[in-house]
Structure formats: C-alpha cells, structure tokens
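Enquirer: Starting off with a structure, shown below.
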C-alpha cells in the first residue's frame, strides 16, 4: 500500500513538493520496531502516535489531516491520514528548509 498523496487540493508548489515526499512505500511500524522516524523514510504509524504528535505541541503547519510537527529549528516531521491509515515522514534538513520556504513556516513559530 502506497502512502497516497492528498488528491483534493489544487496543485501548488507546496503540494507538489509534499507529493514527492509521500510517494513511497511505507515502512510499517510494529510493537517491536516502533517508528523512530528515519529521515527520508515514510512510516505507517498507528492512530495513537498520530494524535500524540498532533497534541504534543501546536503544529508548525496544518491542512486538514496533514500537519508538520517540529521543535525549534530542528527538522520537521510530516504526518497525514489516508482513510483509516496514518503515516509520518521525518524530513531531512534540506527538505525541511524547502518545506519552510514553500509553506511560510518560520523558525520562530
């Protein structure tokens, strides 16, 4: 199962970039192998993990079931839901920089 990209949005530079980030076969987390969020790897996560990060701090960016989590100037983690499945991807430093530029997310949010 591919981590399907968001289809209901008009293509924009940000969404075109996001589509490239999420277009990958996800690694499925298990109880013995939790999602430690390797940069560049899409992870299928459980609903509890999705909500934990959504509620831990205010999202740096959010659009529907998609949000970016980040602390300070560190790399962002992108989370999303497709039907009953949940996914996450830690962005690399370069991807975080591009995401911030395209989305308008500042380091000080």
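Enquirer: Of the conditions (1) in contact with a strand residue (DSSP E or B) (Cβ under 8 Å, 6 or more places away or on another chain); (2) modelled with pLDDT under 90; (3) surrounded by 15 or more Cβ atoms within 10 Å (Cβ to Cβ), residue 44 satisfies every one except a single condition; which number is it?
Expert: All conditions are met except number (2).
Enquirer: While we're looking at this one, here's another question. In this structure, is residue 34 closer than 17 Å to residue 17 by Cβ and at pLDDT below 90? Before the answer, list the steps.
Expert: Details: closer than 17 Å to residue 17 by Cβ: no; at pLDDT below 90: yes.
It is false that residue 34 is closer than 17 Å to residue 17 by Cβ and at pLDDT below 90.
Enquirer: What's the total number of residues in the stretch 1-30 that are assigned to a loop (DSSP other than H, G, I, E, B), at pLDDT 65 or above and over 22 Å from residue 70 (Cβ atoms)? First the steps, then the outcome.
Expert: Residues of the stretch 1-30 assigned to a loop (DSSP other than H, G, I, E, B): 1-12, 23-26, 29-30.
Checking the rest, the ones that are also at pLDDT 65 or above come to 23-26, 29-30.
Filter again for over 22 Å from residue 70 (Cβ atoms), leaving 25, 30.
Matching residues across the stretch 1-30 total 2.
Here is a yes/no grid of residues against (1) farther than 18 Å from residue 13 by Cα; (2) part of a helix (DSSP H, G or I):
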residue	(1), (2)
68	no, no
88	yes, no
99	no, yes
102	no, yes
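Enquirer: Same structure, new question: When the stretch 68-109 is examined, which residues are found to be farther than 24 Å from residue 25 by Cβ and crowded, with 20+ Cβ neighbours inside 10 Å?
Expert: Hits for the stretch 68-109 are 70, 100.
Enquirer: Which of the residues that make up the stretch 55-67 are buried (at least 16 other Cβ atoms within 10 Å of the Cβ) and out of contact with any helix residue (DSSP H, G or I) (no Cβ under 7 Å at 6 or more places or on another chain)? Break it down stepwise before answering.
Expert: Going through the stretch 55-67, the residues buried (at least 16 other Cβ atoms within 10 Å of the Cβ) turn out to be 59-61, 66-67.
Listed by number, the residues that qualify are 59, 60, 66.
Enquirer: Please go through the stretch 70-86 and give me each residue that is part of a loop (DSSP other than H, G, I, E, B) and under 18 Å from residue 103 (Cα atoms), ordered by number. Let's see the steps before the verdict.
Expert: We begin by selecting, within the stretch 70-86, every residue part of a loop (DSSP other than H, G, I, E, B); these are 70-76, 83-84.
Correct list: 70, 71, 72, 73, 74, 75, 76.
The values are calculated or read from the model by the stated rules, or taken from the named source; none is laboratory data. Because the structure is a prediction, the values reported are computed rather than measured. Neighbour counts are summed over all protein chains in view; Cβ atoms, including those assigned to glycine, are modelled from backbone coordinates with ideal geometry.
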